[in-house]
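Notes for the one structure printed next.
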Amino acid sequence: MLTQSYTIYTDSACDISKEILDSWGVRYKSLSFRFDHLDKEFLNDDMQSGEFYQLMREGHVAKTSAVNAQTFREGFEEELKAGRDVLYLGFSTGLSTTYNDGELAARELQEQYPERKLLTVDTLAASAGEGLLVYLAVQKQKEGATIEEVARFVEDIRLHLCHWFTVEDLVYLKRGGRVSAAVALIGGML
């Protein structure tokens, strides 16, 4: 197997633990959130999911924030300075501005590092769907695929995956602006 001189990068919306991403050699940046009653911003890794969901069940509102371009720029540049190209597989643009900030950072760094490759792919997915695409990209990389081949592979398969998810209560989707109050009310009655 050839040693690849590129790093696959993602964000915490892929819902894969830091330990697993580390074992795959995948770098990532974490989205953040803030609860209405706590005067502190948390990264996704800062709180256990059980505690997070318990606060939600108690009626507290969590507001999420995308990873900003500066955070991506710092992470990507670390790889570039080490002589590695970067392939960023990002959280769906339909749900967050995280991917756009990663793409912006890549474009800006491309000017500074014209000899390096910085490719970005909008996975059009989140959670396990995004995680599956990251996993499949890692498998392709292990098989010896180039950065361009892996990017093209993810772009080709992203629309051929079905992502299913459930929520305990539509109120969370309403709070996050994902569904209207009417949809949440009618869905809740059903």
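The values are calculated or read from the model by the stated rules, or taken from the named source; none is laboratory data. As the structure is a prediction and not an experimental result, all values here were calculated from the model. Glycine also receives a Cβ, built like all others from the backbone with ideal geometry; neighbour counts cover every protein chain displayed. Remember, those area values only see protein heavy atoms, side chains included, never the ligands or the DNA or RNA. Shrake-Rupley method; radii C 1.70, N 1.55, O 1.52, S 1.80 Å.
Would you confirm whether or not segment 134-150 contains a residue that is under 17 Å from Thr7 (Cα atoms), of a type outside the set (D, E, K, R) and open to solvent by 60 Å² or more (accessible area, probe 1.4 Å)? Yes, that holds for at least one residue. Checking Ala13 against (1) among the small types (Gly, Ala, Ser); (2) at pLDDT below 95; (3) open to solvent by 40 Å² or more (accessible area, probe 1.4 Å), which single condition isn't satisfied? The failed condition is (3). Only residues that are assigned to a helix (DSSP H, G or I), touching a Leu at 6+ places or on another chain (Cβ under 8 Å) and either open to solvent by 80 Å² or more (accessible area, probe 1.4 Å) or of a type in the set (Gly, Ala, Ser) (or both) were counted across segment 30-77, and they come to 1. Answer yes if at least one residue in segment 113-136 is at positive phi, polar (S, T, N, Q), modelled with pLDDT under 95 and not in a strand (DSSP E or B), and no otherwise. Yes, some residue in segment 113-136 is at positive phi, polar (S, T, N, Q), modelled with pLDDT under 95 and not in a strand (DSSP E or B). For the condition open to solvent by 50 Å² or more (accessible area, probe 1.4 Å) and either in contact (Cβ under 8 Å) with a residue 40 or more places away in the chain or closer than 17 Å to Val26 by Cα (or both), Ala126 does not qualify.
In the set (1) out of contact with any helix residue (DSSP H, G or I) (no Cβ under 9 Å at 6 or more places or on another chain); (2) under 28 Å from Glu149 (Cβ atoms), the condition left unmet by Ala69 is number (1). Within segment 19-41, the set of residues being farther than 20 Å from Lys140 by Cα and either aromatic (Phe, Trp, Tyr) or touching a strand residue (DSSP E or B) at 6+ places or on another chain (Cβ under 8 Å) (or both) comprises Lys29, Ser30, Leu31, Ser32, Phe33, Arg34, Phe35, Asp36, Lys40, Glu41. Restricting attention to segment 167-183, does a residue exist that is surrounded by 18 or more Cβ atoms within 10 Å (Cβ to Cβ), assigned to a helix (DSSP H, G or I) and touching a strand residue (DSSP E or B) at 6+ places or on another chain (Cβ under 7 Å)? Within segment 167-183, none of the residues are surrounded by 18 or more Cβ atoms within 10 Å (Cβ to Cβ), assigned to a helix (DSSP H, G or I) and touching a strand residue (DSSP E or B) at 6+ places or on another chain (Cβ under 7 Å). Of all residues in segment 31-53, those that are more than 21 Å from Thr98 (Cα to Cα) have Cβ atoms under 7 Å from Cβ atoms of residues that are open to solvent by less than 100 Å² (accessible area, probe 1.4 Å) and of a type outside the set (Val, Ile, Thr), 6 or more apart or on another chain, in Asp36/His60; His37/His60.
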